[in-house]
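First up is the structure itself, then whatever we jot down about it.
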Amino acid sequence: LLPTEPGVLEAEGMERTDRFSQEQVAGAVDMQTRRKAYNVSLEQLGPYRASFTANGRKLLLGGRKGHIAVANWDGFNILSEIQVQETVRDLTFLRDSSMFAVAQQKNLYIYDAKGTELHCMRNHRPQVNRLQFLRYHYLLATIGSTGMLRYLDVSTGANVAELPTRLGECDCMRANPWNAVLHLGHTNGTVTLWSPNVHEPLVKMLCHKGAVSELAVDRGGRYMATAGRDGTLKVWDIRTFRPVHGYRTPRPVHAIDVSDRGMLAAAHGGTVQIYKDGLTAYARTPYMTHRIPGAEISSVRFVPFEDVLGVGHSKGYCSMLVPGAGEPNFDAFEANPFETKKQRRESEVVALLEKLPAESIMLEPERINTVDRDQKERQREIAADRAARIAEIKANKKAKRKTRGRSKASKRAAKKESNIIDEKRQKRAAQLERQRENAQAKAARAKGIAPPVQKWSPLDRFKSPGAQPGA
């Protein structure tokens, strides 16, 4: 049963929904919903990045200058806050609100809900730029300045995989909620898809002419939105890896997110634009627009199961109302927004017992529970592909030049000198020729064969007396 239906903004006559301000939207809703729209001014410690729990109850805020706060976002009731006195690049909740991870100046830290430091992982140096937590696999994925993608199992503390991307520094990473494949955006305009089981990217797509600034994947794992520094915002169909449509923005988009119901939020400068059905069809005009004067937006995140968008910017944090963005019906066994403390503990135990192995992360997870009936034929195809690949490698392989010491500097110099014909070399060649003739004549006399008589020539008179024939 789906007892609740989503609702959206509807304009009358010549009105446009993107012209509605947040004050007008808040004035048309009930008191409880009005409390969800607010602004928090934190001008000294920004810009801020935001993260929400899977059930949408807790908010995690991290300022670039070291301020970290955990709060109930509904009314912004702060539960705990700390000042780490270091640069904070990214942060995320783990399985629930009891622990969260923070990428700081050099190391990766894990804190509990009260802000107490639990772990400090120094093997993620020199720095971590982005974090993603795969809640069904209990894996924390990190990417940093060296381009090394790391998977950490937070339930056992083991390093599952370390994969070099070989594409330089990366500050753009999102996880596909459907198959847990990581999408990385690189400075050369490509987007790569990664699994901890393969040391090469599963897919490599050229998406933009410039660097990829941000990307997002919808909940169904069908569409991906990418933003580039070339001023374009594109939507891709991940099933076919083809572009669906694109948008041109006044400034490069540096923060995007997709809601539970497929709304696309894009932020450039101090402006946030929300596109209704912006993934499946081209939207000529935005569904909603919100401007924050004098601020630079750093992150946007939709609250799960709520019609609210959280915006982190250089002056603090803003919570804006977006009617129709959230999924109104939730599964209490999956993510319960009204869970009690006892239910949270029980769900954590069940999640640990049902933890998926890292080997289950693949592009097509529906193949896990299937039977391959034509195994011999498939093995022959695999063997043929391997043989073709080996033959191609051998064909492209350059023959190694084996000189066995003949390429030494002295050998090369002597070889060069042997090609030069000078007077000394000519005299030596004539001497060797005379020695060879004398040896042949001596051998002939030994065998009783008279040497051939040289014919007299008038020019012989000019020779020395001993050289004339008959002398």
Taking first residues from the range 330-342 that are under 21 Å from Asp307 (Cβ atoms) and second residues anywhere that are modelled with pLDDT of 85 or more and open to solvent by 80 Å² or more (accessible area, probe 1.4 Å), the pairs with Cβ under 6 Å that are 6 or more apart or on different chains are none
When you go through Ala11, Ala28 one by one, which is the residue that is among the aliphatic types (A, V, I, L, M), open to solvent by 40 Å² or more (accessible area, probe 1.4 Å), modelled with pLDDT under 90 and touching a helix residue (DSSP H, G or I) at 6+ places or on another chain (Cβ under 9 Å)? Ala11
Within the range 154-185, residues open to solvent by less than 30 Å² (accessible area, probe 1.4 Å), closer than 14 Å to Asp90 by Cβ and in a loop (DSSP other than H, G, I, E, B) come out as Cys170, Cys172
Count - residues of the range 205-259 that are part of a loop (DSSP other than H, G, I, E, B) and of a type in the set (A, V, I, L, M, F, W, C): 5
Out of Lys106, Lys114, I need the residue that is without any contact (Cβ under 8 Å) to a residue 40 or more places away in the chain, within 27 Å of Val308 (Cβ to Cβ) and in a loop (DSSP other than H, G, I, E, B). Which one? Lys114
For Phe330, the lone unmet condition from (1) modelled with pLDDT under 90; (2) under 29 Å from the mean Cα position of the chain (by Cα) is (2)
Can you tell me which of Tyr136, Tyr151 is under 14 Å from Ala358 (Cα atoms), assigned to a loop (DSSP other than H, G, I, E, B) and aromatic (Phe, Trp, Tyr)? Tyr136
Matching entry among Asn188, Asn123 (being open to solvent by 10 Å² or more (accessible area, probe 1.4 Å), of a type in the set (S, T, N, Q) and within 21 Å of Ala227 (Cα to Cα)): Asn188
Which one of the conditions (1) in contact with a Lys or Arg (Cβ under 8 Å, 6 or more places away or on another chain); (2) open to solvent by 40 Å² or more (accessible area, probe 1.4 Å) does Leu321 fail to meet, given that it meets all the rest? (2)
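This table checks each residue for (1) at pLDDT 95 or above; (2) on the phi > 0 side of the Ramachandran plot; (3) in contact with a strand residue (DSSP E or B) (Cβ under 8 Å, 6 or more places away or on another chain); (4) not charged (D, E, K, R).
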residue	(1), (2), (3), (4)
Gly147	no, yes, yes, yes
Glu169	no, no, yes, no
Lys209	no, no, yes, no
Val212	yes, no, yes, yes
Ala216	yes, no, yes, yes
Arg219	no, no, yes, no
Ala225	yes, no, yes, yes
Gly231	no, yes, yes, yes
(1) open to solvent by 30 Å² or more (accessible area, probe 1.4 Å); (2) under 20 Å from Glu162 (Cβ atoms): which one isn't true of Gln85, the others all being true? (2)
Scanning the range 117-130 residue by residue, those touching a Lys or Arg at 6+ places or on another chain (Cβ under 7 Å) and either farther than 20 Å from Gly185 by Cβ or part of a strand (DSSP E or B) (or both) turn out to be Arg125, Pro126, Val128, Asn129
Between Gly7, Gly27, Gly13, which is out of contact with any strand residue (DSSP E or B) (no Cβ under 9 Å at 6 or more places or on another chain), touching a residue at least 40 places away in the same chain (Cβ under 8 Å), over 30 Å from Asn129 (Cα atoms) and not aromatic (Phe, Trp, Tyr)? Gly7
Across the range 191-218, the tally of residues that are under 10 Å from the mean Cα position of the chain (by Cα) and open to solvent by 20 Å² or more (accessible area, probe 1.4 Å) stands at 2
Scan of the range 44-63 for residues that are open to solvent by 40 Å² or more (accessible area, probe 1.4 Å) and under 24 Å from Gln273 (Cβ atoms), ordered by number: Pro47
Selected residue (criterion: least open to solvent (accessible area, probe 1.4 Å)) from residues of the range 352-376 that are at pLDDT 90 or above, under 21 Å from Ala161 (Cβ atoms) and of a type in the set (D, E, K, R): Lys355
Is there any pair with a first residue in the range 355-369 that is more than 18 Å from Leu94 (Cα to Cα) and a second that is modelled with pLDDT under 90 and loosely packed, with under 15 Cβ neighbours inside 10 Å whose Cβ atoms are under 8 Å apart and which are 6 or more apart or on different chains, and what are they? Ser360/Ile368; Met362/Ile368
Tell me, which residue of the range 30-85 that is part of a strand (DSSP E or B) and basic (Lys, Arg) is farthest from the chain's Cα centre (by Cα)? Lys58
Taking first residues from the range 402-429 that are modelled with pLDDT under 80 and second residues anywhere that are outside any loop (DSSP other than H, G, I, E, B), the pairs with Cβ under 9 Å that are 6 or more apart or on different chains are Thr403/Lys411; Gly405/Lys411; Arg406/Arg412; Arg406/Lys415
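The values are calculated or read from the model by the stated rules, or taken from the named source; none is laboratory data. Everything quoted here is computed from the prediction, not taken from an experiment. With ideal geometry, Cβ positions are generated from the backbone for all residues, glycine too; neighbour counts draw on all protein chains shown. The area values use the complete protein model at the heavy-atom level, side chains included, leaving out ligands, DNA and RNA. Shrake-Rupley method; radii C 1.70, N 1.55, O 1.52, S 1.80 Å.
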